[in-house]
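In what follows, a single structure is set out as structure tokens and then discussed.
The values are calculated or read from the model by the stated rules, or taken from the named source; none is laboratory data. What you see is a predicted model; the values in this text were computed from it and never measured. Cβ atoms come from the backbone with ideal geometry, glycine included; neighbour counts cover every protein chain shown.
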Amino acid sequence: MIKIIIAVVIIVVLIAAVVTVKIKLFSQTEEVEPTPTPTVVLPTVSEDVKVELLPKSNNTAVVLKISGIPSDIESVEYELTYTTGAGLPRGVLGKIQVRGEKQITRDDIVLGTCSSGKCVYDTGVTSVSLSLKFNSTSGESSIFQKTYSF
């Protein structure tokens with residue numbers, strides 16, 4: 001009987017030792033130094049490109065006009081950011097397929113939200129920051145950035 005008790009005690013001690021070693025091994029984590037993501041700096045678009053952002057309908061919408069677009073540009077991505085009169089940050093994103101055009105006009109950019117033909121307009125907008133990304137057929141990109149006051 002004593003031999004059985006000694007055997008059980010030895011097994012329990014061995015199991016406890018194995019569990020303790022595993023816990024210590026798994027709890028020791030190696031500290032990893034985070035690697036920062038490199039930032040790609042895009043060149044500024046040619047000065048031949050002219051951009052206008054005009055308010056319309058009591059600043060509830062804007063018209064985007066771009067002229068002098070180089071022939072190798074296939075699309076233009078736009079991002080408008082602004083703050084409403086209530087202090088809420090808002091934005092509008094979009095992409096325009098150029099199709100070889102030298103000039104494009106986008107007159108349906110609403111400062112607000114639209115659903116099922118009904119729009120809720122943001123009020124009190126006094127300035128809009130515009131960022132454009134010109135994407136060429138070769139895969140290269142260039143940017144335009146400006147803040148417009150209304």
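The one condition from (1) without any contact (Cβ under 8 Å) to a residue 24 or more places away in the chain; (2) assigned to a strand (DSSP E or B); (3) farther than 12 Å from LEU132 by Cβ that ILE109 does not meet is (1). For the range 87-129, the set of residues classified as farther than 15 Å from VAL62 by Cβ, out of contact with any Phe, Trp or Tyr (no Cβ under 9 Å at 6 or more places or on another chain) and of a type in the set (D, E, K, R) consists of ARG99, GLU101, LYS102, LYS118, listed by residue number. Looking across the range 16-32, the residues that are polar (S, T, N, Q) and modelled with pLDDT under 70 come down to SER27, GLN28, THR29.
Rundown of residues vs (1) in a strand (DSSP E or B); (2) touching a helix residue (DSSP H, G or I) at 6+ places or on another chain (Cβ under 8 Å); (3) surrounded by 15 or more Cβ atoms within 10 Å (Cβ to Cβ); (4) at pLDDT 95 or above, yes/no style:
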| position | (1), (2), (3), (4) |
| --- | --- |
| ASN58 | no, no, no, no |
| LEU64 | yes, no, yes, yes |
| TYR82 | yes, no, yes, yes |
| ILE96 | yes, no, yes, yes |
| GLY124 | no, no, no, no |
| PHE134 | yes, no, yes, yes |
| ILE143 | yes, no, no, yes |
